[in-house]
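A short worksheet on the structure shown next.
The values are calculated or read from the model by the stated rules, or taken from the named source; none is laboratory data. Since the model is a prediction, treat every value here as computed from it, not as a measurement. Cβ sites come from the backbone with ideal geometry, for glycine too, and all protein chains shown count toward neighbours.
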Ligand SMILES: [Zn+2]
């Protein structure tokens, strides 16, 4: 069970919230100009991050306000909670600034975890992964 600190109400039980999917997905400027594939990617294609992930939550039984959360998808640790519209905070340990699209692994891994790669279970982290 997660204890989520709503920016308006304070710490509340996870059952008061609803998950809203990946954060920082911008609505296309000109949706009519998109191909069917680009539109489908906007609607349905989301990262499946193992590690720190930016996601949206709504305090549905409280203030009903949306906010963003940086959460580790492995340990469930909540790193940061911030308002909608704010950029993703740079948490400690994320020194890589590359624009890698593949975010598998994420910055939450231990420093030595990315060096091996052959024996991992399909989650070999790219050397520079950020996940904006
Ligand atoms: Zn609230």
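Got a sec? Which of 37, 46, 71 is surrounded by fewer than 14 Cβ atoms within 10 Å (Cβ to Cβ), closer than 21 Å to residue 86 by Cβ and away from the ligand (no atom under 15 Å from the Cβ)?
Values: 37 fails: closer than 21 Å to residue 86 by Cβ; 71 fails: surrounded by fewer than 14 Cβ atoms within 10 Å (Cβ to Cβ).
46 is the lone residue from the list that is surrounded by fewer than 14 Cβ atoms within 10 Å (Cβ to Cβ), closer than 21 Å to residue 86 by Cβ and away from the ligand (no atom under 15 Å from the Cβ).
State which residue is surrounded by the most Cβ atoms within 10 Å (Cβ to Cβ) when the search covers only region 74-112 and only residues that are at pLDDT 50 or above and not in a loop (DSSP other than H, G, I, E, B).
Among those residues, the one meeting the criterion is 79.
Pairs please, first residue from region 49-68 and in contact (Cβ under 8 Å) with a residue 60 or more places away in the chain and farther than 16 Å from residue 18 by Cβ, second anywhere and within 16 Å of the ligand (Cβ to nearest atom) and assigned to a strand (DSSP E or B), Cβ atoms under 9 Å, 6+ apart in sequence or on different chains.
Final answer for the pair search is 53/69; 54/68; 54/69.
Quick check: anything in region 4-22 away from the ligand (no atom under 16 Å from the Cβ) and touching a strand residue (DSSP E or B) at 6+ places or on another chain (Cβ under 8 Å)? Lay out the reasoning, then the answer.
Of all residues in region 4-22, those away from the ligand (no atom under 16 Å from the Cβ) come to 21-22.
Next, from what is left, pick out any that are touching a strand residue (DSSP E or B) at 6+ places or on another chain (Cβ under 8 Å): 21-22.
Checked against the condition, which is being away from the ligand (no atom under 16 Å from the Cβ) and touching a strand residue (DSSP E or B) at 6+ places or on another chain (Cβ under 8 Å), region 4-22 yields at least one hit.
Read through the list (1) at pLDDT 95 or above; (2) closer than 21 Å to residue 11 by Cβ, then give the number of the only condition that residue 50 fails.
Of everything listed in (1) at pLDDT 95 or above; (2) closer than 21 Å to residue 11 by Cβ, residue 50 misses just condition (2).
Consider only pairs whose beta carbons are under 7 Å apart and that are at least six residues apart or on different chains; among these, list those whose first residue lies in region 1-15 and is in contact (Cβ under 8 Å) with a residue 60 or more places away in the chain and whose second residue is within 9 Å of the ligand (Cβ to nearest atom) and in a strand (DSSP E or B).
These pairs meet every condition: 4/12; 6/12; 7/67.
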